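> Before anything else, here's the structure in question.
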Amino acid sequence: MSRVIKLVLLAIISSCCAIKAAEPVSIFPIPRQVETLEGTFKFTKGRALIDPSVKIALSEELTEVLSLINQNKLANLSLTAGLAANEVAVLSLRIDPSVVQHDQGYRIDITNESIELLANNESGAYYALGTLRQIIENSNKELNCMRISDWPDFKRRGVMLDISRDKVPTMESIKLMLDRFASWKVNEVQLYIEHTFAYKNHQQVWKDASPLTAEEIMELDAYCRERYIDLVPNQNSLGHMERWLKHEDYFHLAERPVHIESDNWIIDGRRMTLCAVNPDAVEFMDDLYGEYLPNFSSKFVNIGGDEPYELGYGLSADACEKHGKSTVYLNYMKKIVKRSNQYGKKAQMWGDIVTKHPELIPQMPKDIICMVWGYRPEHPFEEQCARFQEEGILFYVCPGTSGWRTYIGKTQRAILNINNAIENGKKYGAIGVLNTDWGDRGHMQPITSAYPALLYGAGMSWASDTNMEVDLAQLLNTKVFMDETGEFGQALMQLTNAYMGGKGVDQAGRPYFDMMDRIEFFFEKDYQLKHYDLELLPGMRQEIKQALKKVEKAQPTSIDAQIAIQELRTAARLADWGCRFIEARIAAPEQDIYKISARLRKQLANELEAISEEHRQTWLLRNRQGGLSDSVARMEKVKQLLLKGM
């Protein structure tokens, strides 16, 4: 019998004597079936029975949390794998798929005499213990009698974190996130990689990025397994390779190895995409896979393949003209799939190209998993999911947190996007959900601002019918940041929805960020101004101000509480600065930035310099040094343009 399981069950047994006042049961994700029964259960002297076949590798963190509920041995129970003829178990845990038939499902029966946990498999037993722990944490010495029957909507419930643009979290930070994800019954995590793995023969690419090493990946892989999380490798393999292709040693692999003038501003003067008709590109990716993939125990790999912007604009132009761009794309990805298969991995592939060219779907390898992504509330998930179901291709739905290219997030937009994805994923048989948190344009947003959307996505992935109407502010206070005042969750929700200007209606724009997005366009043209509801700016500033007042009243006690507070202060300060900058531009003659008064431009530049220094300090509270200089450089560029001609 596992020593860890003994410790956890003993902690659960003893924790029933915790001296908290009775409170309503608070379980997240909310189980799909909870039947309240008459009576209460009280622990008395007896035995706790564990199925001898169960070997659950519960985390040390969970064990410690359970042990802290009551450090005194007030419950007089002992743990056993078998009972004498006249004994009755007070608490029991066993796996019985004939009773609990849903994969990863569990049942908890609390009666006047005993607590019985039944599970379909080991992961179901892990989730049952997690639910029981929450019941005990919110109860007094007595537990209300009940039956809980629970199982997930989706077999795979994932989170993807971008650790390539530009933020690589510390190991401590990653593990804290993994602990939280596991407690929300998330069972898949991907760390998105472009160049932030320490490949032995490619040091010039990652030397300033503070990459993860093979040893760190293996450590995280083991940490995940203990929490029933599958750590899936994620290495882009076609587009988004600019961190490689900017170096001369890799020019020969690029679609456009030399500068080619283009009227497409996205690709003009940039090398971002491998050449899909160059055999060396396939061999290059195979070399990376050979070093990267063996560090993971997962049977899957996300090979990327999204947004190959330059495809057909360079060396592949003739092939694209002859065969069609979509065919050239799919032929390349088939080769990449085959190489990844040789390392024992089943490939996942982003679905943006094949959904734009649905004639490709029947030609896709049948053993691939398509990752159907889209981040607008109105993304056509229904149309796309229906087509994959029709063709018999396995697929995930992949919504997002909507926090990238903002400072403070857009939670309401994320909720609408997640609802759309989950509804149609369930309807058309998706095998999984991957909630993505990207870091485009300097990864300015802190992870704290993503937690509302990550939390909501986890609940919806488990059981959407019972978790769609959750009180996110309350959950943030009780399941993440541990704030008994209730202020921190309220502040976080208000701040991450400030983009709506207090109107409560989602909007596409992010005016307080756009000067950091495509900087030259913003300064020289009317970039994005025509898309804003400029009347919302005062409301945005008011929402930010009110949220900060709540932050100052909050008393979170989570392990990262002070970091989270500082992150919100910095992000809010930057967002408010962005609003004031937009207001200054609107008020200027002809909305020309350079016609803002020299005095005000200098003031804005000085304020941004101070915020930039605060951004540096806040970044390092959770993240490694690598990438920080790239992020800060965006602020420096804005500052220099503000001071231009002065």
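> Skipping prolines and chain starts, which residues have an amide H placed within reach, meaning under 5 Å, of the one on residue 254, given they are 5 or more residues away or on another chain?
Result for residue 254 returns 275.
> Arrange the peptides 347-357, 312-322, 435-445 so that the one whose residues have, on average, the most other Cβ atoms within 10 Å appears first.
435-445, 347-357, 312-322
> Taking amide H positions as placed 1.01 Å from N in the peptide plane, with prolines and chain starts having none, which residues 5 or more places from residue 140, or on another chain, fall under 5 Å of its amide H?
Placed amide hydrogens put 23 under 5 Å from residue 140.
> Protein chains only, probe 1.4 Å: how do 194, 469 rank by accessible area, largest first?
So the residues, ranked largest to smallest area, are 469, 194.
> Classify the stretch 210-358 from the C-alpha gyration tensor, please: rounded if a/c falls under 1.5, else prolate or oblate depending on whether a/b exceeds b/c. Working shown, then result.
Numbers: a/c = 2.26, a/b = 1.73, b/c = 1.30.
Because a/c hits 1.5 or more and a/b exceeds b/c, the stretch 210-358 counts as prolate.
> Here's something else I'd like to know. Taking a point 7 angstrom from the Cα of residue 291 along the C-beta vector, which residues in the stretch 184-212 have backbone N less than 19 Å away?
Under 19 Å, as judged by backbone N against the label point of residue 291, lie 191-212 of the stretch 184-212.
> Also, I was wondering about something else. For the stretch 600-618 and the stretch 193-222, what is the separation of their Cα centres, given in Å?
After rounding, the separation between the Cα centres reads 32 Å.
> I'd like to check one number: the per residue accessible area of the stretch 202-256, probe 1.4 Å, reported in Å² as a whole number.
Normalised by residue count, the accessible surface of the stretch 202-256 is 37 Å².
> Would you mind checking 338/410; 155/366; 155/246; 503/602; 167/325 for any pair whose Cα atoms are more than 31 angstrom apart?
338/410; 155/246; 503/602; 167/325
> Kindly state, to the nearest 0.05, the FRET efficiency for residue 640 paired with residue 600, given R0 = 22 Å and r defined as their beta-carbon distance.
Taking R0 as 22 Å, the efficiency between residue 640 and residue 600 is 0.85.
> Can you give the FRET efficiency for residue 203 and residue 86, using 1/(1 + (r/R0)^6), R0 = 60 Å, r = Cβ-Cβ distance, to the nearest 0.05?
The pair residue 203/residue 86 has a calculated efficiency of 0.30.
> Let me ask you something else. Listed highest first by mean packing, meaning other Cβ atoms within 10 Å per residue, what order do 164-172, 34-42, 593-601 come in?
164-172, 593-601, 34-42
> Starting from the 7 Å offset along Cα-to-Cβ, what nm value, one decimal, do you get for the label separation of residue 419 and residue 470?
1.6 nm
> By the gyration tensor of its Cα atoms, with a ≥ b ≥ c the square roots of the eigenvalues, what is the shape of the stretch 318-428: rounded for a/c under 1.5, prolate for a/b over b/c, or oblate?
Cα axes put the stretch 318-428 in the prolate bin.
> Does the stretch 388-496 come out rounded, prolate or oblate, given a ≥ b ≥ c as the square roots of the eigenvalues of its C-alpha gyration tensor, rounded meaning a/c under 1.5 and, failing that, prolate meaning a/b above b/c?
oblate
> At a 1.4 Å probe, what is the % contribution of carbon and sulfur to the accessible area of the stretch 543-646?
Roughly 50 percent of what the probe reaches on the stretch 543-646 is carbon or sulfur.
> Hey, can you rank 216-225, 372-381, 116-125, 93-102 by average C-beta count inside 10 Å, highest first?
116-125, 372-381, 216-225, 93-102
> Hey, what's the stretch 376-428 come to in accessible area per residue, 1.4 Å probe, Å²?
In whole numbers, the stretch 376-428 has 34 Å² accessible per residue.
> If you don't mind, there's one more thing I want to ask. Obtain the nm distance between the two label points defined at residue 482 and residue 338 by a simple spin-label model: each point lies 7 Å from its Cα along the Cα-to-C-beta direction.
That separation, rounded to one decimal, is 5.4 nm.
> Another question about this same structure. So, in Å, what gap is there between the alpha-carbon centers of the stretch 533-565 and the stretch 268-303?
The distance from the Cα centre of the stretch 533-565 to that of the stretch 268-303 comes to 41 Å.
The values are calculated or read from the model by the stated rules, or taken from the named source; none is laboratory data. This structure is a prediction, so every number in the text was calculated from the model and none was measured. Neighbour counts run over all protein chains shown; Cβ positions are idealised from the backbone, glycine included. All accessible areas refer to the heavy atoms of the entire protein, side chains included, with ligands and DNA or RNA removed. Shrake-Rupley method; radii C 1.70, N 1.55, O 1.52, S 1.80 Å.
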